[in-house]
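Data first, discussion second: the structure below is written as structure tokens.
Each reported figure results from applying straightforward, stated rules to the coordinates on display, with no laboratory input. Here the structure is a predicted model, which is why all the values come from computation and not from measurement. Cβ coordinates were reconstructed from backbone atoms using ideal geometry, including for glycine residues, and neighbour counts include every protein chain displayed.
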Amino acid sequence: MRGLAKTSRSRGGMELVDRDRPTPGPDEALVEVDYVGLCGSDAGIYEFESAFERMNLPTVIGHEYSGRVVEVGESVTKFAVGDRVVERPIRGCGDCYQCEIGESNVCQNAVITGVDHDGAYEPYVAVPENALHAVPDGVEQQHAAMVEPTSIATRAVIQNSRVRAGDRVLVEGPGPIGLLTAQVARAQGAEVVVSGVGQDADYRLPLGEELGFETINIPTDDMDAYREDLTDGVGYDVVFDTTGHPSGLPSAVESVRKGGQIVLIGQTGETTMEYSPLVRAEIDLQCSYASMYEDFENALRLIDTGDVDAETFIDDRFSLLDADEAFDTFVGGGTCKPVFDVSELR
Ligand SMILES: [Zn+2]
Ligand SMILES: [Zn+2]
């Protein structure tokens, strides 16, 4: 079979490579992959950012996918041939202190599918059964490919934020995680606004509008006027920073109300700012990273109910046979959540 792998330690360097179909171990299921998404971290691998220098190459990438069980190992009990499934791709070791206390998302030895071992930009993957979730009947197979990024948003909003009905919420960054976070926050009863900059005006902010959100384009719209208008000058109860940009946190501090909360999801690198205003306004600064079992289950249910609108969100224009086009378009902001049909590689 063929898989799309990162093959060189520089920008680009994605090639189709030959792989043997994996054989499932005793506690593993062999999954035939149907659809796989392109994630911001896959784009990070494409650009070969420093976080991915640990990778052994070539490695087949891809971790946001849906598939069907086609074979099971002898000790597998929870899944059977024909079951539709998604994988939890960031997995704890089960042994370290954090895993023992139920915080496997911040495991000291976590491994990530599509980074530390071959991922799902190929037709078959072998997966431990305890990393699989069953897809509900009401969720289409293509839509299930976006459960993993949705689980990042359900963790950030449901587990890690204080968002409640009636809250006024700002989501900074209209990328995949931003627009999913916005939808999950709205499902809690909040009134949600999404902000973006520059190239976001081409595709991502209009997609936010299509999903039903008021959007702010920072270079051309007056952020302060929106804040005044939408929050009666008080500020947003909760601001989610999904930008991954050094301006995200400082601008969240300007937007949040006194006594409000900022939830950091994007990985910004370095930023410099004055911290005293945070303390004097008693801002609650909360981080959210990765996701766990319950976050996946919540994500599946919100896609099932339509609170997360997969149909509008997914962009199926691209092919794994011309992945450079998808990656370059993604990096340029011309798409938000490409989802590939993996049957092309069979
Ligand atoms: Zn992802
Ligand atoms: Zn661990």
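Under 13 Å Cα-Cα from residue 78, which aspartates and glutamates qualify once same-chain neighbours fewer than 8 residues away are excluded?
Straight-distance partners of residue 78: 27, 28, 129.
Equivalent-ellipsoid semi-axes (√(5λ), Cα gyration tensor) for the chain, whole Å, largest first?
For the chain, the semi-axes come out at 34, 21, 19 Å.
With 5 Å bins from zero, work out the P(r) of region 284-346 over every alpha carbon pair and list the percent per bin.
Percent of pairs per bin, in order: 4, 14, 16, 15, 18, 20, 10, 2, 1, 0.
For region 52-111, which semi-axes, largest first and in whole Å, follow from the square roots of 5 times the eigenvalues of its Cα gyration tensor?
On the way: eigenvalues 122, 73, 22 Å².
Semi-axis lengths for region 52-111 are 25, 19, 11 Å.
Counting pairs of alpha carbon atoms under 8 Å apart in space and at least six apart in sequence, what relative contact order in percent does the chain give?
Normalised by residue count, the contact order of the chain is 19 percent.
Given Cβ point charges of +1 (Lys, Arg) and -1 (Asp, Glu) and nothing else, what value in debye, to the nearest 20, does the dipole of region 202-346 about its Cα centre take?
Roughly 460 debye for region 202-346.
Gaussian network model of the chain, Cα springs within a sub-10 Å range: biggest mean-square fluctuation belongs to which of 279, 147, 76?
279
Quick one: work out Rg over Rh on the C-alpha atoms of region 72-161, Rh as Kirkwood radius.
0.97
Show me, for region 128-139, the HN-Hα J-couplings you get by feeding each phi into the Karplus relation (A = 6.51, B = -1.76, C = 1.60, θ = phi - 60°), rounded to Hz, glycine and proline as x.
With the stated coefficients, region 128-139 comes to x, 5, 6, 9, 9, 10, 6, 8, x, 4, x, 9 Hz.
Counting DSSP beta bridges in the chain, what percent are antiparallel, to the nearest 5?
Details: 30 of 54 bridges.
Around 55 percent antiparallel, to the nearest 5.
Please list, short to long, the whole-number percent of alpha-carbon pairs of region 207-276 in consecutive 10 angstrom bins beginning at zero.
19, 49, 30, 2
Considering the options 29, 12, 1, tell which one lies farthest towards the positive end of the dipole of region 1-41, charges being +1 on Lys and Arg and -1 on Asp and Glu at the Cβ, about the Cα centre.
12
Along the positive direction of the dipole of region 125-282 (beta-carbon charges: Lys, Arg +1; Asp, Glu -1; about the Cα centre), which of 219, 260, 196 reaches farthest?
Final value for the positive-end residue is 260.
For a quick check of your reading of the filter: which trypsin sites (Lys or Arg not before Pro) in region 6-86 sit in a DSSP loop and have no more than 10 other Cβ atoms within 10 Å?
For trypsin sites (Lys or Arg not before Pro) across region 6-86 that sit outside H, G, I, E and B with at most 10 neighbouring Cβ atoms in 10 Å, the list reads 54.
With charges only on Cβ, +1 for K and R and -1 for D and E, what is the dipole size of the chain about its Cα centre, in debye, rounded to 20?
Computed charge dipole of the chain: roughly 540 debye.
Go through region 281-346 and name the GluC sites (Glu not before Pro) that are in a DSSP coil and have 10 or fewer other Cβ atoms within 10 Å of their Cβ.
For GluC sites (Glu not before Pro) across region 281-346 that sit outside H, G, I, E and B with at most 10 neighbouring Cβ atoms in 10 Å, the list reads 282.
Taking each pair of different alpha-carbon atoms in region 1-84 once, compute 1/r for the pair, average those values, and report the inverse of that mean as the Kirkwood hydrodynamic radius in Å to one decimal.
Computed over Cα pairs of region 1-84, the Kirkwood hydrodynamic radius comes out at 14.4 Å.
Taking 0.36 nm per residue of sequence separation and subtracting the Cα-Cα distance, how much length would be gained by fully extending the chain between residue 271 and residue 100, in nm to one decimal?
Gain on extension, residue 271 to residue 100, equals 58.2 nm.
Determine ³J(HN,Hα), in whole Hz, for all residues of region 94-100 in sequence, where each value follows from phi through the Karplus function 6.51 cos²θ - 1.76 cosθ + 1.60 and θ = phi - 60°; x replaces Gly and Pro.
Listing the rounded values in order: x, 10, 6, 4, 5, 4, 5 Hz.
Among 40, 157, 292, whose Cα projects farthest towards the positive end of the dipole of the chain, with charges put on the beta-carbon of Lys, Arg (+1) and Asp, Glu (-1)?
292
Scattering from the C-alpha atoms of region 152-191 alone, worked out with Debye: what is log10 I(q)/I(0) at q = 0.16, 0.26, 0.28, 0.35 1/Å?
-0.30, -0.81, -0.94, -1.29
Quick one: putting +1 on the C-beta of Lys and Arg, -1 on the C-beta of Asp and Glu, what dipole do you get for region 1-119 around its Cα centre, in Debye to the nearest 20?
260 debye
Tabulate in residue order the Karplus-calculated ³J(HN,Hα) for region 110-116, using 6.51 cos²θ - 1.76 cosθ + 1.60 with θ = phi - 60°, rounded to whole Hz; enter x for Gly and Pro.
In residue order, the calculated couplings are 4, 10, 10, 5, x, 10, 8 Hz.
Suppose a student asked you for the relative contact order of region 77-125, using Cα pairs under 8 Å spaced at least 6 residues apart; what percent would you report? Present the calculation step by step, with values, prior to reporting the outcome.
Working: 45 pairs, mean separation 13.6, N = 49.
Relative contact order of region 77-125: 28 percent.
Could you pull out every residue, at least 5 positions away or on a different chain, whose amide H is within less than 5 Å of the one on residue 283? Hs are placed 1.01 Å off N in the peptide plane, and Pro or chain starts have none.
Distant-sequence amide H within range of residue 283: 259.
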